[in-house]
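Below you'll find the structure, written out as structure tokens, and then a few comments.
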Amino acid sequence: MTDGIDKAREEFFSEAQELIEMFSRNLLALDEQGIGAADPSIINEAFRAVHTLKSLAGLFNATEMGRVSHTLEDVLDRLRLGRLKASPDVLDVLFAAVDCYGAMLAAERGEEGLNQPQIEKLMGVLGTLGESAVEEAPDQMAFDLEPGLLAVLTEYEEHRLKTNMDAGQALFRIRVRFDLATIDKALEDVKAKAKPHGEIITYLPTGDAPSADAIELDLLMASSSSLEQLEAALGGTDLTITAIPRISQASASTGISSLSTHALGTSSFAAVGEETAGSTVAVGDNPRTEPPVNAELNVPAVPMLRSVADTVRVDIRKLDGLMNVVGELAIVKSALNRLGDRLRNTQDRELRREVSRIQRSFERRLSELQDGILEVRMVTLGQLFDRLSRVVRQISRDMGKEIRLVVTGAQTEIDKLLVEELGDPLMHIIRNSIDHGIESAEQRKAIGKPVAGTIALNAYQKGNHVVIQIEDDGQGVNEAAVVERAVRAGHLAANEVEMLSRAEALGLIFLPGLSTREQAGEYSGRGVGMDIVKTNINKLGGIIDIQSEYSIGTQLVITLPITLAIVNALLIRLLGRTFALPLSSVAEALMFDEKLVRTVDGREVMTLRGSTLVLCRLDRFFELKEPALPHEGPRYKSVVVATMGARRLGLVVDDLLGQQDIVVKGLGPTLRHVRGFAGASELGDQRVALVLDAGAIIEEALAGHDAVTTMRARPS
């Protein structure tokens, strides 16, 4: 029983988090549209999210969350009924509600205590916004609508009907036949086609069911388009559109509709997002009881349409468990391959063919299973970008700067665990862009820049990596100031300054304790951020690069593997030890020739197809001990060209042992914090191989200073 309750609460936490994020996205959309241009459908979606959250809170006895949701409903209802404008100040309060929701959810999880003063302060402000306004006198109906239809419209739908009527929109009835099995998708398709032409105010089932597995709906739509234009946009064999005529002023004043009962069909109310007919619906400050529609219209009840959920929530730990099983199966595959190799010399040809067939079949099925699990682990970066949008809005308002955030590639997918670890690094970069990068409005105006600064957030997939770019059009990085601070802090000798390339000078910004600000601000300037950003990105197997033009802007580029869970790796031999290097970081491998190696600026390099390739002998890099027995002939046989983003490094190794799918597992406490290793994996022959972190090795080897001892390790 306890397990069942725990699972139910986990479902509550998951669904509540989704609803809070949906509410936040709606607020961001309203903020982008600006006051006076708010899309009513977005406000209505926000209302639904809070309404559903209130119901969930009631089910799981989250009293404070339910109380806040109830008051918040009143405010959102006033917004959607046009009694309150979505001004920046109002949106500030609503965003504060999002933060309060997050704190309350954390309290329900037991992660922190309930912040009652924060809740009471929010409730006071929400109560002020939700106070009743003077009701306007009801407008006379300008369309020939039946009284039965008007009786089942919710207050919100009446408001939308009135708003469209005042705007001079025409009214149409769209009757559509849907198969019950596909009604959700089909209805969304119709709504999507209709949206560019107007607003669907409500939709109601007709009293006539065409068959046991189908249903007809009447959609009430307001539009400035003509009947012909709507028919061209929406027309189909299962769809008819009828214009609803306006009525004379005299008829309107009597409030009597002359429309026959078949004009819109006698209908049973089933508007999405509202309560079912016959129940009490509390809307804003004017709760009212809807009449029992079926009794009033004397038609048989149409059952509420419900669809079977086509998505399920899965605990990431269960996926990790499945991934471990896949890893065990990969070991079985390797053992099966070795068995096949041993059977090559057998005289039983039939046995050889059968084993070979089983091998191929097993590999295909294992590959399908692996791809399927990886796909389930993937989530879009959009959920992270939404949170960053709120950060930009809040900090820019606090600092009195006008900043526009442009997001592209929000649908780019990456492993869920990587998304969770990316939040803090991206948050710090965004804060730095706002605080350090974007100038004040006065400064921008004086130098001829647009008053509003721009931060561009872009993500895209490149092979087996995801690239995230953060770019601003601010003042850029002052290289001279960065170098001066690095010398002053002792990171750099004065006589080394002239030897620095531009890229190396910019890279100094990632050193610990370095900041070009004389005084620390609220959000940055303490010199404790960018080095941590780089460290965290490296821990995820990625790298971060910076490009900047003074007075023009700065771009930071983060390159990450799509997943760290299971990878196809190249096995390499080094002084009798086996290491694994993810193939996603391998560009090519070639024979090593000592005679082609030369030294430039203290680094070993070789020429590869006309370009210079820096070499790194991994045994020296990790300070591995030579074997006791002397090695016959040349030991180094191969160069593996490792890449991360635009960087390349030639890893000199003893030998290549082939490819293998591996499940990357975390290291123990001894090696957990050692850079250069991404984890460990068990191979098919029961040996354990350390998995190399190509990004960290490239970062360190190309940094030009080998004094960082944290990269050193001696795997046994």
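Checked against the criterion of being in contact (Cβ under 8 Å) with a residue 12 or more places away in the chain, surrounded by fewer than 17 Cβ atoms within 10 Å (Cβ to Cβ) and part of a helix (DSSP H, G or I), the candidates Val451, Val376 yield just one match: Val376. Total residues in region 153-187 satisfying the condition of being in a helix (DSSP H, G or I) and of a type in the set (A, V, I, L, M): the figure is 7. Residues in region 98-114 that are without any contact (Cβ under 8 Å) to a residue 60 or more places away in the chain and either part of a helix (DSSP H, G or I) or under 12 Å from Val68 (Cβ atoms) (or both): Asp99, Cys100, Ala103, Met104, Ala106, Ala107, Leu114.
Could you please give the count of residues in region 464-480 that are among the β-branched types (Val, Ile, Thr), buried (at least 19 other Cβ atoms within 10 Å of the Cβ) and either outside the structural domain of Ile429 (by TED's automatic domain parsing) or outside any loop (DSSP other than H, G, I, E, B) (or both)? Let's see the steps before the verdict.
So the first thing to find is which residues in region 464-480 are among the β-branched types (Val, Ile, Thr), and the list is 466-468, 470, 477.
Now narrow it down to the ones that are buried (at least 19 other Cβ atoms within 10 Å of the Cβ): 466, 468, 470, 477.
So of that shortlist, the ones also either outside the structural domain of Ile429 (by TED's automatic domain parsing) or outside any loop (DSSP other than H, G, I, E, B) (or both) come out as 466, 468, 470.
Residues in region 464-480 being among the β-branched types (Val, Ile, Thr), buried (at least 19 other Cβ atoms within 10 Å of the Cβ) and either outside the structural domain of Ile429 (by TED's automatic domain parsing) or outside any loop (DSSP other than H, G, I, E, B) (or both): 3 in total.
Of the residues making up region 94-101, at least one is hydroxyl-bearing (Ser, Thr, Tyr), out of contact with any Asp or Glu (no Cβ under 7 Å at 6 or more places or on another chain) and crowded, with 18+ Cβ neighbours inside 10 Å.
Picking from residues in region 625-639 that are surrounded by 15 or more Cβ atoms within 10 Å (Cβ to Cβ) and at pLDDT below 85, the one that is nearest to the chain's Cα centre (by Cα) is Tyr636. In region 317-335, the residues that are over 16 Å from Leu374 (Cβ atoms) form Cβ pairs under 9 Å with partners that are charged (D, E, K, R) and in a helix (DSSP H, G or I), at six or more places apart or across chains, as follows: Lys333/Glu363.
Restricting to region 410-448, name every residue that is surrounded by fewer than 20 Cβ atoms within 10 Å (Cβ to Cβ) and not in a helix (DSSP H, G or I). Ala410, Gln411, Thr412, Glu413, Glu439, Ser440, Ile447, Gly448 - these are the residues of region 410-448 that are surrounded by fewer than 20 Cβ atoms within 10 Å (Cβ to Cβ) and not in a helix (DSSP H, G or I).
Conditions tested, residue by residue: (1) at pLDDT below 85; (2) assigned to a helix (DSSP H, G or I); (3) not assigned by TED's automatic domain parsing to the domain that holds Asp415.
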| position | (1), (2), (3) |
| --- | --- |
| Leu514 | yes, no, no |
| Gly527 | yes, no, no |
| Asn538 | yes, yes, no |
| Ser551 | no, no, no |
| Gln555 | no, no, no |
| Ala587 | no, no, yes |
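On the basis of being of a type outside the set (Ser, Thr, Tyr), surrounded by fewer than 17 Cβ atoms within 10 Å (Cβ to Cβ) and at negative phi, does Asp77 make the cut? Here the answer is no, as Asp77 does not meet what is asked. Residues in region 389-409 that are assigned to a strand (DSSP E or B) and either at positive phi or exposed (fewer than 14 other Cβ atoms within 10 Å of the Cβ) (or both): Val406, Thr408.
For region 48-67, does any single residue satisfy the condition of being free of Cβ contacts under 8 Å to residues at least 24 places away in the same chain, of a type in the set (S, T, N, Q) and not in a helix (DSSP H, G or I)? The answer is yes; a qualifying residue exists. Among residues of region 589-613 being surrounded by 15 or more Cβ atoms within 10 Å (Cβ to Cβ) and in a loop (DSSP other than H, G, I, E, B), the one that is nearest to the chain's Cα centre (by Cα) is Phe592. Evaluate region 407-420: report whether one residue or more is under 30 Å from Lys445 (Cα atoms), modelled with pLDDT of 85 or more and of a type in the set (Lys, Arg). No: zero hits.
Which residue is nearest to the chain's Cα centre (by Cα), if the candidates are limited to region 201-233 and must be among the charged types (D, E, K, R) and part of a helix (DSSP H, G or I)? In this case the residue turns out to be Glu231.
One residue stands out in region 3-29 among those that are among the aliphatic types (A, V, I, L, M) and at pLDDT below 85: the one that is nearest to the chain's Cα centre (by Cα), namely Ala8.
Just one of the numbered conditions (1) in contact with a Ser or Thr (Cβ under 8 Å, 6 or more places away or on another chain); (2) among the hydrophobic types (A, V, I, L, M, F, W, C); (3) assigned by TED's automatic domain parsing to the domain that holds Gly423 is not true of Val391: (1).
Here is a yes/no grid of residues against (1) without any contact (Cβ under 8 Å) to a residue 60 or more places away in the chain; (2) in contact with a helix residue (DSSP H, G or I) (Cβ under 8 Å, 6 or more places away or on another chain):
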position: Ser389; (1), (2): no, yes
position: Arg393; (1), (2): no, yes
position: Val407; (1), (2): yes, yes
position: Leu417; (1), (2): no, yes
position: Ser440; (1), (2): yes, no
position: Ile468; (1), (2): no, yes
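The values are calculated or read from the model by the stated rules, or taken from the named source; none is laboratory data. All figures in this text were calculated on a predicted structure; none of them were measured in a lab. Virtual Cβ from ideal backbone geometry, glycine too; neighbours counted across all protein chains shown.
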